[in-house]
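One structure is given below, encoded as structure tokens.
The values are calculated or read from the model by the stated rules, or taken from the named source; none is laboratory data. Just so it is clear, the structure is predicted and the values come from calculations on it, not from any experiment. Cβ placement follows ideal geometry from the backbone for every residue including glycine, while neighbour counts extend to all protein chains displayed. With ligands, DNA and RNA removed, areas are computed over all heavy atoms of the protein, side chains included. Shrake-Rupley method; radii C 1.70, N 1.55, O 1.52, S 1.80 Å.
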Amino acid sequence: MIAGSRIALAVTGGIAAYKAADLCSRLVQSGAEVEVIMTAAAQRFITPLTFNAITRRTVHTDSWAEWTSDAAGHVSLASRIDALIVAPATADSIARLAQGRADDLVGLVALSTEAPLIVAPAMEHHMWRHPATQANATLLRERGVILVDPEHGRLASGATGEGRLADHSRIIGALRQVLGAHGVLAGRSIVVTAGGTHEAIDPVRFIGNRSTGQMGYEIAATLADRGASVTLVSGPTALPDPPGVETIRIESAAEMFETVQRATGAADVLVMAAAVADFRPAAPATGKIKKQPGQETLDIHLVRNPDILASIAYPGLLKIGFAAETEDLIANAQRKLRDKGLAMIIANDAVATIGSPDSQATMLRPDAPPHQLPLLPKTELAGLIADEIAVLLAGIRS
Ligand code: C5P
């Protein structure tokens, strides 16, 4: 969704303006076409050249300069964008947006665009908490503006309080949600699991596997891009939380089971991309296990973990599983499809797939012949899985 979208980023005059450069870079790296608008005050903190270099586009600083032979000023800019983000939004710019002022380019574009408006305030905590600012923020929310509330922490004044610009991932998450609002999965609630699990042997050791979590993270992000409300239940991974996705981190299969049970509630879809440990140590040691003199072996008694995918079932829940196998791929996947009551299973070679950015998968459904896919980056495979989920939810068989 973000890739190929046209975003206007309005930078207003607060110290957090320097953070807008990084936000802008993240948007550009995600494939968005970003047009930056800067107020005069913002240019006291950071120069247009910075944004110019990041976006490779002229930065909009002057309402009058917008009028050229082929552009009708702010109206042209306002009509070609998919979203307007004001970040950082100062107390003054929030007041001006609330009043509908149009004496600078930010106000002009905000009034003339039909695109959704995302406002990320950043200011000193007294200013944020002031009833005037709060009233203006409430007014904007009531008008459908997405306010990405500031965070608590150290402020430029040296004080600690609520006023720091929201983390970029929250702003990009809000963008993902507004761009996906009319997506094919809008209104759907989906739980995705990712990564391996850690099964404790003692307080410092565990049994784990090589799953990186990438497949599940890609799926979660893609589903969110298409408008779904996504909860990602993740085992330990090195990956950052995907913006716009509620991410819950767990360690063991038992924790994953409990969390998925709670998260599914009334979800429409459960996608189990996690590599869940089949067994766990029966009785993890409470203290670190010490090797004894002359000891050559250590026996750890393992017991079976519950099968999350097989256990969770209720009418209307669409279940999608993964089968990572080293032999008899299709036959094993077909058995799991049936035994776990799945709408679809994605089968792939365990050794080739785990830890690789690519996957050669076969999609299996109960009512269709196996569909073998070419070797694809996991990002692309996630897109195909999301397409298939949309088709399954619509009750249409292709
Ligand atoms: O039976 P197997 O582990 O091969 O099945 C793989 C599928 O089942 C995956 O989707 C995996 O996430 C899920 N699974 C589960 N709970 C387990 C083991 C696997 O939900 N304990």
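For segment 269-310, which positions are of a type in the set (Lys, Arg) and either within 8 Å of the ligand (Cβ to nearest atom) or within 22 Å of THR259 (Cβ to Cβ) (or both)? Don't jump to the end; show me each part of the working.
Step one: filter segment 269-310 for residues of a type in the set (Lys, Arg), giving 280, 288, 290-291, 304.
Residues satisfying the conditions are ARG280, ARG304.
Kindly indicate the residue of segment 61-98 that is in contact with a Leu (Cβ under 8 Å, 6 or more places away or on another chain) and exposed (fewer than 14 other Cβ atoms within 10 Å of the Cβ) and also modelled with the highest pLDDT among those meeting that condition.
Step by step, filter segment 61-98, then rank; the result is ASP62.
May I ask you to list pairs of residues, at least six apart or on different chains, whose Cβ atoms are under 7 Å apart, with the first in segment 331-346 being of a type outside the set (Val, Ile, Thr) and open to solvent by 70 Å² or more (accessible area, probe 1.4 Å) and the second being more than 8 Å from the ligand (Cβ to nearest atom) and modelled with pLDDT under 95?
Nothing qualifies.
In segment 66-103, which residues are in a loop (DSSP other than H, G, I, E, B) and charged (D, E, K, R)?
Start the filter on segment 66-103 by keeping residues that are in a loop (DSSP other than H, G, I, E, B), which leaves 66, 69-70, 73, 80-82, 90, 100-103.
Result: GLU66, ASP70, ARG80, ASP82, ARG101, ASP103.
Looking only at segment 243-272, filter to residues that are in contact (Cβ under 8 Å) with a residue 60 or more places away in the chain and more than 19 Å from PRO315 (Cβ to Cβ); which one of those is surrounded by the fewest Cβ atoms within 10 Å (Cβ to Cβ)?
Checked segment 243-272; the qualifying residue surrounded by the fewest Cβ atoms within 10 Å (Cβ to Cβ) is PRO243.
Across segment 141-169, which residue is most open to solvent (accessible area, probe 1.4 Å) among those that are farther than 22 Å from ARG26 by Cβ and either among the acidic types (Asp, Glu) or in a helix (DSSP H, G or I) (or both)?
Among those residues, the one meeting the criterion is GLU142.
Residues in segment 311-321: is at least one within 13 Å of the ligand (Cβ to nearest atom), over 26 Å from ALA263 (Cβ atoms) and either of a type in the set (Val, Ile, Thr) or surrounded by 17 or more Cβ atoms within 10 Å (Cβ to Cβ) (or both)?
No, every residue in segment 311-321 fails to be within 13 Å of the ligand (Cβ to nearest atom), over 26 Å from ALA263 (Cβ atoms) and either of a type in the set (Val, Ile, Thr) or surrounded by 17 or more Cβ atoms within 10 Å (Cβ to Cβ) (or both).
Check THR58 against each of (1) assigned to a loop (DSSP other than H, G, I, E, B); (2) closer than 22 Å to GLY173 by Cβ; (3) open to solvent by 30 Å² or more (accessible area, probe 1.4 Å) and name the one condition it does not meet.
Just one mismatch for THR58, condition (2).
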